[in-house]
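K.L.:
Please see the structure below; I have some questions.
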Amino acid sequence: MENRPLNLLWLQSGGCGGCTLSLLNADCRNLFDTLRGLGINLLWHPSLSEQSADEAMAIIESCASGATRLDILCLEGSVLKGPFGSGGFHRRTGSVSMMSMIERLARVAQHTVAVGSCAAFGGVTAAGINPADACGMQYDGDAQGGLLGEEYRAAAGLPVINIAGCPTHPNWVIETLVAVAQGEMFEDNLDVFRRPRLFSDHLVHHGCKRNEFYEFKASACKPSDLGCLMEHMGCKGTQVHADCNIRLWNGEGSCTRGGYACIACTEPGFEEPGHAFGVTPKIAGIPIGLPTDMPKAWFVALAALSKSATPKRVKENAVADHQVVTPANKRTRLK
Amino acid sequence: MTRRIIGPFNRVEGDLEVTLDIESGRVRAAYVNSPMYRGFEQILAGKHPLDALVFVPRICGICSVAQSAAAAQALAQCMGIQPPVNGRLAANLTVAAENLADHLSHFYLFFMPDFARDGYGDRPWFADVQSRFKSVTGSAAGDVLPVRAKFMNVMGYLAGRWPHTLSLQPGGSTRAIEEAEKLRLKILLSEFRGFLEQTLFGDRLEAVTSLDSEAALYKWMKPRAKRADFPRFLNIARDLGLQHIGRATDRFISYGAYSDGEAALFPAGLWADDRLQALDIGAIREDVTSSWMTGDHSLHPSEGYTLPLPDKEDAYSWCKAPRLSGQVVETGALARQMVAGHPLVRDLVGRHGASVTARVVARMLELALVLPVMETWLRQFLPGDSYCHPATEIEDARGVGLVEAARGGLGHWLDVRNGKIYNYQIIAPTTWNFSPRDAAGEPGALEQALVGLEADEGGNAAPLAVQHVVRSFDPCMVCTVH
């Protein structure tokens with residue numbers, strides 16, 4: 001492909017701006033230099049660019065009209081279709097709805113990227129009675145459609161790329177943009193919900209610090225307990241596609257490291273789990289949501305066995321907020 | 001008279017549009033429109049009370065922890081519980097980290113780039129400021145982004161991640177801090193102090209907080225105007241007379257910040273008519289006259305509701321108009337420090353009233369005031385003591401959460417009935433500051449602050465003075481309407 005930087009336009013609609021704020025946590029010397037160095041020219045970003053009002057409208061209009069080549073369109077936040085399909089819950093200057101502007105731009109963009117679960121699937125803005133009639137760009141929850149419809153393909157041929165997450169991890173965004181800019185993003189690199197597999201081929205469970213507790217079903221019973229959060233505290237980490245415990249957040253963090261459940265924020269429809277977020281739904285004492293790829297009978301058998309074999313250290317630490325028993329030291333060389 | 005609509009107003013968090021009536025080169029009237037409605041209050045209705053902790057941080061990506069803290073407080077009140085010492089310390093550190101990071105982001109990324117605009121090409125400081133603060137390409141971004149990201153690693157330890165944590169609970173914090181982690185946190189705070197002292201202030205934090213008057217401030221600025229960023233701003237601000245623009249009503253409220261269980265580091269109160277008064281939360285009413293919302297009367301948020309009415313005549317914003325005893329008040333770092341009584345801030349406002357300069361000074365002052373306190377809190381954790389009390393079931397209860405986000409007072413009013421959220425009403429800082437006109441026709445704080453500014457009737461771009469005044473409030477539009 002020709003060697004010129006790709007023009008990136010970033011817009012925000014029915015969301016909280018948290019994916020941008022998370023992006024600013026990126027572990028790089030200077031985010032702007034990083035993007036530039038990897039072939040991305042930031043045309044305009046609502047939080048970061050100088051141009052305001054008329055100057056900003058001119059840039060957006062120039063993209064929509066085709067005068068400026070729009071290589072990558074990023075939307076953060078869901079599309080607000082209400083009230084009554086008018087898009088009036090988010091109007092832009094001149095009474096144009098943001099919904100219609102997003103659609104116009106998506107029709108000319110070479111690549112269209114949904115940043116965050118709101119833009120991808122509707123997300124939190126679509127929760128409850130969904131007052132603003134929010135949806136994702138190409139999904140409405142886990143159903144294809146959304147604003148652009150099932151058949152939509154951006155000019156370069158890909159459907160909307162869904163960098164899910166609430167918020168997104170900064171590196172998911174940067175790596176996806178870089179892959180696009182380098183011409184290395186193909187349909188095979190996206191999973192069944194069109195999430196980049198560079199983060200969705202893992203489970204949140206992978207690398208979880210609480211794995212020893214998980215192995216023995218030594219479970220946390222209240223907030224701040226060190227034990228596994230799956231059995232009682234609503235954690236879905238064994239089912240959720242994301243690498244949060246491998247690449248970590250804000251240095252050494254993650255949700256489960258922060259002491260609370262993975263609430264599946266990278267999955268479509270996470271905002272309406274059908275139960276209180278902090279409580280694991282069970283039938284006959286067994287969690288309904290079993291670990292991905294784990295047959296139920298095996299899980300039940302293994303859980304019963306491992307519970308009966310839990311070491312004292314693991315059992316006691318699971319229900320404490322700090323290690324009350326530390327691992328034993330052997331006086332001989334380890335073999 | 002010319003009417004100009006200025007939007008989308010960027011480098012504010014979220015969406016904003018300002019309509020200006022301009023006559024004889026000056027703003028005669030301003031109308032502030034928050035153009036986006038998502039409906040969080042409607043989303044929360046019917047949910048399990050603790051689920052509020054999942055939803056409310058997602059109102060706002062920049063003050064998500066403040067939203068969590070307000071919800072946790074309202075829930076704790078419903079449950080009749082209080083966090084243990086360690087839980088409160090962890091929460092205070094988490095809220096403080098967010099507030100300081102927000103002050104820093106606002107200064108470097110949202111506010112200062114306007115001085116690097118071509119319109120200031122003839123000022124003596126322009127070349128220096130352009131190379132430093134030009135958005136995206138200026139050298140400051142390369143300095144501040146990695147420092148901010150590193151500082152936010154405190155959130156990795158305290159809150160799992162930022163934004164959108166669930167670590168703040170009504171009973172305290174889910175995340176107990178290990179002894180070794182205290183050392184790592186201490187190192188992170190120390191590194192951040194180093195940046196503030198070397199790059200932002202050019203002086204010790206303690207020297208900055210001891211500045212007690214406008215005269216002392218400018219005297220301190222002079223030798224530093226070319227080698228540190230806050231003095232750079234002060235130099236520009238004095239040159240452009242920013243202490244004379246942006247005055248609203250000079251009535252300030254603070255809900256009080258960083259309580260140790262008994263007293264707050266920055267106490268709650270109302271500053272009005274040049275004196276400190278008690279803040280009566282019961283005197284808050286939300287007016288919807290100019291909002292695309294249903295309702296005939298102004299209601300206290302504990303009784304209020306939020307139902308959109310998109311085609312309402314004469315309305316021009318999704319934002320409601322909160323008033324205190326019927327009056328327009330301002331909230332934010334300036335209000336917080338006016339109420340807390342910092343001599344420098346009181347002197348600036350005493351001389352000129354609230355202004356662009358005073359608002360920025362108050363935020364920078366808080367960076368210098370709060371970081372040393374965070375260092376102290378870190379030493380106060382009680383080893384082996386608990387961080388979180390278990391939550392209790394709520395059947396029927398009411399609770400209020402009042403916290404100070406970076407940009408001002410944030411209130412959550414929660415009503416639980418039959419174990420579910422019956423009503424949840426939120427008044428965010430920018431709801432106060434950027435409110436539209438009320439039933440009496442009185443404009444909101446920003447609307448008043450913009451009147452009288454120089455503005456070009458035929459111009460294409462947004463007037464620079466207007467941009468400075470708007471951004472001096474550090475608006476968060478996603479919070480404003482939610």
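Values quoted throughout were computed directly from the atomic coordinates according to the rules given, and no laboratory measurement underlies them. Quick caveat, the model's predicted, so the values are computed rather than measured. All Cβ positions, glycine included, derive from the backbone under ideal geometry; neighbour counts span all protein chains shown.
K.L.:
Name the residue that is nearest to the other protein chains (Cβ to nearest Cβ), counting only residues in region A:227-258 that are touching a His at 6+ places or on another chain (Cβ under 7 Å) and either closer than 11 Å to A:Ala318 by Cβ or polar (S, T, N, Q) (or both).
P.N.:
A:Asn245
K.L.:
Moving to a separate point now. Can you tell me which of (1) crowded, with 24+ Cβ neighbours inside 10 Å; (2) farther than 25 Å from A:Cys135 by Cα is the one A:Glu231 doesn't meet?
P.N.:
Status for A:Glu231: all satisfied but (1).
K.L.:
Sticking with this structure for a sec: Of the numbered conditions (1) under 24 Å from the mean Cα position of the chain (by Cα); (2) small (Gly, Ala, Ser); (3) more than 7 Å from every other protein chain (Cβ to nearest Cβ), A:Ser97 satisfies every one except a single condition; which is it?
P.N.:
A:Ser97 satisfies all of (1) under 24 Å from the mean Cα position of the chain (by Cα); (2) small (Gly, Ala, Ser); (3) more than 7 Å from every other protein chain (Cβ to nearest Cβ) except (1).
K.L.:
Sticking with this one: Output the number of residues of region A:209-226 satisfying the condition of being more than 12 Å from chain B (Cβ to nearest Cβ) and either in a loop (DSSP other than H, G, I, E, B) or in contact (Cβ under 8 Å) with a residue 40 or more places away in the chain (or both).
P.N.:
Here the count works out to 8.
K.L.:
For region B:121-168, how many residues meet the condition of being more than 9 Å from chain A (Cβ to nearest Cβ) and part of a helix (DSSP H, G or I)?
P.N.:
Qualifying residue count, region B:121-168: 13.
K.L.:
Taking the conditions exactly as written (surrounded by fewer than 18 Cβ atoms within 10 Å (Cβ to Cβ), under 22 Å from B:Met155 (Cα atoms) and out of contact with any strand residue (DSSP E or B) (no Cβ under 7 Å at 6 or more places or on another chain)), does B:Arg227 satisfy them or not?
P.N.:
The answer is no for B:Arg227.
K.L.:
Now for a separate question. Just checking, which of A:Leu9, A:Leu43 is in contact with a Phe, Trp or Tyr (Cβ under 7 Å, 6 or more places away or on another chain), within 28 Å of B:Val466 (Cβ to Cβ) and more than 10 Å from chain B (Cβ to nearest Cβ)?
P.N.:
Answer to the selection: A:Leu9.
K.L.:
Whether any residue in region B:248-262 is in contact with a Leu (Cβ under 7 Å, 6 or more places away or on another chain), of a type in the set (Gly, Ala, Ser) and closer than 18 Å to B:Leu344 by Cα is what I want to check.
P.N.:
no
K.L.:
Could you go through region B:80-103 and let me know if any residue there is surrounded by fewer than 21 Cβ atoms within 10 Å (Cβ to Cβ) and either within 11 Å of chain A (Cβ to nearest Cβ) or touching a Ser or Thr at 6+ places or on another chain (Cβ under 7 Å) (or both).
P.N.:
Within region B:80-103 (the criterion being surrounded by fewer than 21 Cβ atoms within 10 Å (Cβ to Cβ) and either within 11 Å of chain A (Cβ to nearest Cβ) or touching a Ser or Thr at 6+ places or on another chain (Cβ under 7 Å) (or both)), the answer is yes, since at least one residue qualifies.
K.L.:
Right, next: Would you say A:Asp27 is in contact (Cβ under 8 Å) with a residue 12 or more places away in the chain and among the acidic types (Asp, Glu)?
P.N.:
The answer is yes for A:Asp27.
K.L.:
Mind checking whether some residue in region B:357-370 is buried (at least 18 other Cβ atoms within 10 Å of the Cβ), within 19 Å of B:Arg471 (Cβ to Cβ) and polar (S, T, N, Q)?
P.N.:
Among the residues of region B:357-370, at least one is buried (at least 18 other Cβ atoms within 10 Å of the Cβ), within 19 Å of B:Arg471 (Cβ to Cβ) and polar (S, T, N, Q), which makes the answer yes.
K.L.:
When the residues of region A:234-254 are filtered to those that are out of contact with any strand residue (DSSP E or B) (no Cβ under 9 Å at 6 or more places or on another chain) and part of a loop (DSSP other than H, G, I, E, B), which remaining residue is surrounded by the fewest Cβ atoms within 10 Å (Cβ to Cβ)?
P.N.:
Only one residue fits best here, namely A:Glu252.
K.L.:
Now for a separate question. Test A:Gly289 against the criterion of being in a loop (DSSP other than H, G, I, E, B), surrounded by 15 or more Cβ atoms within 10 Å (Cβ to Cβ), on the phi > 0 side of the Ramachandran plot and within 24 Å of the chain's Cα centre (by Cα), and give yes or no.
P.N.:
Against the criterion (in a loop (DSSP other than H, G, I, E, B), surrounded by 15 or more Cβ atoms within 10 Å (Cβ to Cβ), on the phi > 0 side of the Ramachandran plot and within 24 Å of the chain's Cα centre (by Cα)), A:Gly289 does not qualify.
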